[in-house]
Amino acid sequence: MDPLIWEAPFQNVFCLYFSGMGPVHMNEVQCTGFEKSITECAFNKEALGCSHEEDAAIRCNVPSMGFQESLRLSGGRNPYEGRVEVLVERNGSLVWGTVCSESWGTMEAMVVCRQLGLGFASNAFQVSADNVVMSGVRCSGTEMSLSHCLHHGAHLSCAKGGGRNAAGVSCSETAPDLVLNPQVVEQTTYMEDRPMFMLQCAHEEDCLSSTANQVPANSYRRLLRFSSQIHNNGQSDFRPKAGRHSWVWHDCHRHYHSMEVFTLYDLFSLNGTKVAEGHKASFCLEDSECDEGIEKRYECANFGDQGITVGCWDTYRHDIDCQWIDITDIKPGDYIFQIIINPNYEVPESDYTNNILKCRCRYDGHRVWMYSCHNGGSLSTETEQTFPGLLNNQVTHR
């Protein structure tokens with residue numbers, strides 16, 4: 001099929017035919033080129049007459065800026081992995097040295113792979129090395145070069161001196177990309193009052209607020225319930241980082257947890273204060289449904305392999321344990337509801353900016369409404385500028 005071309009007000013970006021998956025969300029898109037997000041462009045919300053034969057994608061022309069000349073991988077089994085080495089100036093000479101791996105993680109590895117043109121990070125690890133020349137590296141994940149990340153500069157501070165504590169990465173040409181379906185959250189939200197004696201398993205797995213620890217068994221908890229439909233729109237399957245030998249069996253619910261925390265659910269006041277929270281360990285990662293022509297590969301039954309195939313989605317229904325936020329203690333009012341998938345970046349993905357979903361939430365004491373749900377975190381320009389802390393998926397380990 002001939003490529004489909006979008007007219008663009010800037011050079012070096014053009015679009016071509018792309019094999020589509022799922023519903024069509026935007027039609028007749030018209031951008032000026034100055035928008036922060038494609039969702040800020042004018043578009044027709046009606047997808048009538050727009051099929052996947054007209055799906056758009058882009059190819060970006062990234063200019064060569066020489067970043068890869070000051071970074072290399074060494075000692076790996078192939079060109080896509082190895083010890084990270086950077087070229088720095090020391091005493092008037094350029095020398096190669098290693099990077100201290102303290103706080104080294106997926107975001108830093110992502111920058112290394114991007115800088116070298118090796119795709120996406122698949123693993124961040126420690127290797128045995130010496131001659132540390134860079135320490136304190138902290139990246140947001142969007143930088144074009146490791147030198148653009150925060151670091152200590154010339155004042156090195158690496159507790160173990162580099163030995164057994166230097167940074168390594170492995171890169172991959174493809175990566176998964178998880179995205180939540182906002183419409184499913186809106187359409188399935190409701191409130192339930194559930195007695196404590198029916199919540200014992202959930203209580204054991206820390207799925208209720210802390211005040212549930214002091215209440216009698218004949219009391220109840222008020223739960224904000226909803227379904228989550230998590231699509232893998234990437235180019236490779238999403239698999240738990242831990243192998244099945246290290247999955248944790250939870251006897252009460254009779255299932256294995258393959259990830260410590262897979263999803264976070266939070267409720268914020270309009271001034272950005274967290275008022276209620278929930279969390280969902282991965283009960284099981286499996287293919288609930290797939291796009292036409294794609295076969296399911298992962299099923300949790302009988303201790304099967306866990307994961308989400310490209311073009312498939314995992315649905316956590318509103319009626320299963322922990323698929324809620326405990327709102328027993330909050331007052332009626334307007335709130336911001338937030339979901340974050342893979343919050344601690346435990347599994348590398350090609351894009352983390354779409355791992356967050358935000359909604360407006362209204363609770364009148366008797367009923368609850370969820371509306372204006374969408375991916376990306378931003379609810380409005382005003383919200384971005386006033387409450388920047390709400391708009392990223394940087395979370396601390398729990």
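The values are calculated or read from the model by the stated rules, or taken from the named source; none is laboratory data. All of these numbers come straight from a predicted model, not from anything done at the bench. Cβ atoms come from the backbone with ideal geometry, glycine included; neighbour counts cover every protein chain shown.
Which numbered condition trips up residue 340, out of (1) assigned to a strand (DSSP E or B); (2) more than 16 Å from the chain's Cα centre (by Cα)?
Result: residue 340 fails condition (2) only.
Can you name the residue in the range 299-314 that is out of contact with any Phe, Trp or Tyr (no Cβ under 9 Å at 6 or more places or on another chain) and assigned to a helix (DSSP H, G or I) and, of all such residues, is modelled with the lowest pLDDT?
For the range 299-314, the residue satisfying everything is 302.
Conditions tested, residue by residue: (1) more than 15 Å from residue 179 (Cα to Cα); (2) not in a loop (DSSP other than H, G, I, E, B); (3) not assigned by TED's automatic domain parsing to the domain that holds residue 339.
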position: 207; (1), (2), (3): yes, no, no
position: 217; (1), (2), (3): yes, no, no
position: 231; (1), (2), (3): no, yes, no
position: 245; (1), (2), (3): yes, yes, no
position: 264; (1), (2), (3): no, yes, no
position: 271; (1), (2), (3): yes, no, no
position: 276; (1), (2), (3): yes, yes, no
position: 297; (1), (2), (3): yes, no, no
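Can you tell me which residues in the range 186-216 are modelled with pLDDT of 95 or more and of a type in the set (A, V, I, L, M, F, W, C)?
Matches in the range 186-216: 191 only.
Inspect all residues belonging to the range 275-289 and state whether any of them is in contact (Cβ under 8 Å) with a residue 60 or more places away in the chain, in contact with a helix residue (DSSP H, G or I) (Cβ under 6 Å, 6 or more places away or on another chain) and surrounded by fewer than 20 Cβ atoms within 10 Å (Cβ to Cβ).
No: zero hits.
Are there any pairs with C-beta distances below 7 angstrom linking a residue in the range 33-45 that is touching a residue at least 12 places away in the same chain (Cβ under 8 Å) to a residue that is in a loop (DSSP other than H, G, I, E, B) and of a type in the set (Phe, Trp, Tyr), with the two at least 6 apart or on different chains, and if so which?
33/10
Just give me the residues in the range 141-200 being within 16 Å of residue 101 (Cβ to Cβ) and either touching a Pro at 6+ places or on another chain (Cβ under 7 Å) or among the β-branched types (Val, Ile, Thr) (or both), in sequence order.
169
Residues in the range 233-245: is at least one in contact (Cβ under 8 Å) with a residue 24 or more places away in the chain, over 25 Å from residue 171 (Cα atoms) and hydrophobic (A, V, I, L, M, F, W, C)?
No, every residue in the range 233-245 fails to be in contact (Cβ under 8 Å) with a residue 24 or more places away in the chain, over 25 Å from residue 171 (Cα atoms) and hydrophobic (A, V, I, L, M, F, W, C).
Residues that are under 30 Å from residue 323 (Cα atoms): which strands (runs of 3 or more DSSP E) entirely in the range 106-186 hold 1 or more of them?
By residue number, 120-127, 178-180.
Do you know which of the residues in the range 39-53 that are assigned to a helix (DSSP H, G or I) and surrounded by 11 or more Cβ atoms within 10 Å (Cβ to Cβ) is modelled with the highest pLDDT?
40
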